[in-house]
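The values are calculated or read from the model by the stated rules, or taken from the named source; none is laboratory data. From a predicted model like this one, the values you see are computed outputs, not experimental measurements. Here Cβ is always computed from backbone atoms with ideal geometry, including for glycine, and neighbour counts include all displayed protein chains.
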Amino acid sequence: MLLLFGLKTVLRALPGRHSLCRYCGQYVEQHLEERASKFTVFFIPIFTMSRAYRITCSNCGQRSSLSKQGMKALAR
């Protein structure tokens, strides 16, 4: 019996927000991204193993990671 399993990383763009960049200090749009690692069986995602969030400044291009609480704070 052959069983194919593995991990797949899925990137998803989230709606951007205007906020203050911690690197350049400008109030510009920040691009949000969700990165999820999923366990797959026969190339079908079964469940999500981990989830991480990143924010990218549209002015200077610097990226930083966000916690789940940070994402909830930006959603307000």
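State which residue pairs qualify: first residue more than 23 Å from VAL10 (Cα to Cα) and inside the stretch 22-42, second residue of a type in the set (A, V, I, L, M, F, W, C) in any location, beta carbons under 7 Å apart, and separation of 6 or more residues or different chains.
Listed pairs, sorted by first residue: TYR23/CYS57; TYR23/CYS60; CYS24/CYS57; CYS24/CYS60; TYR27/LEU20; VAL28/CYS21; VAL28/CYS57.
Kindly evaluate LYS8 against the criterion of being of a type in the set (D, E, K, R) and out of contact with any Leu (no Cβ under 9 Å at 6 or more places or on another chain).
Working: of a type in the set (D, E, K, R): yes; out of contact with any Leu (no Cβ under 9 Å at 6 or more places or on another chain): yes.
Yes: the conditions hold for LYS8.
Looking only at the stretch 58-75, decide whether some residue is of a type in the set (Lys, Arg), surrounded by 11 or more Cβ atoms within 10 Å (Cβ to Cβ) and at pLDDT 90 or above. First the steps, then the outcome.
Within the stretch 58-75, the subset of a type in the set (Lys, Arg) is 63, 68, 72.
Subset that is surrounded by 11 or more Cβ atoms within 10 Å (Cβ to Cβ): 63.
Of the ones still in play, those that are also at pLDDT 90 or above are 63.
Yes, the stretch 58-75 contains a residue that is of a type in the set (Lys, Arg), surrounded by 11 or more Cβ atoms within 10 Å (Cβ to Cβ) and at pLDDT 90 or above.
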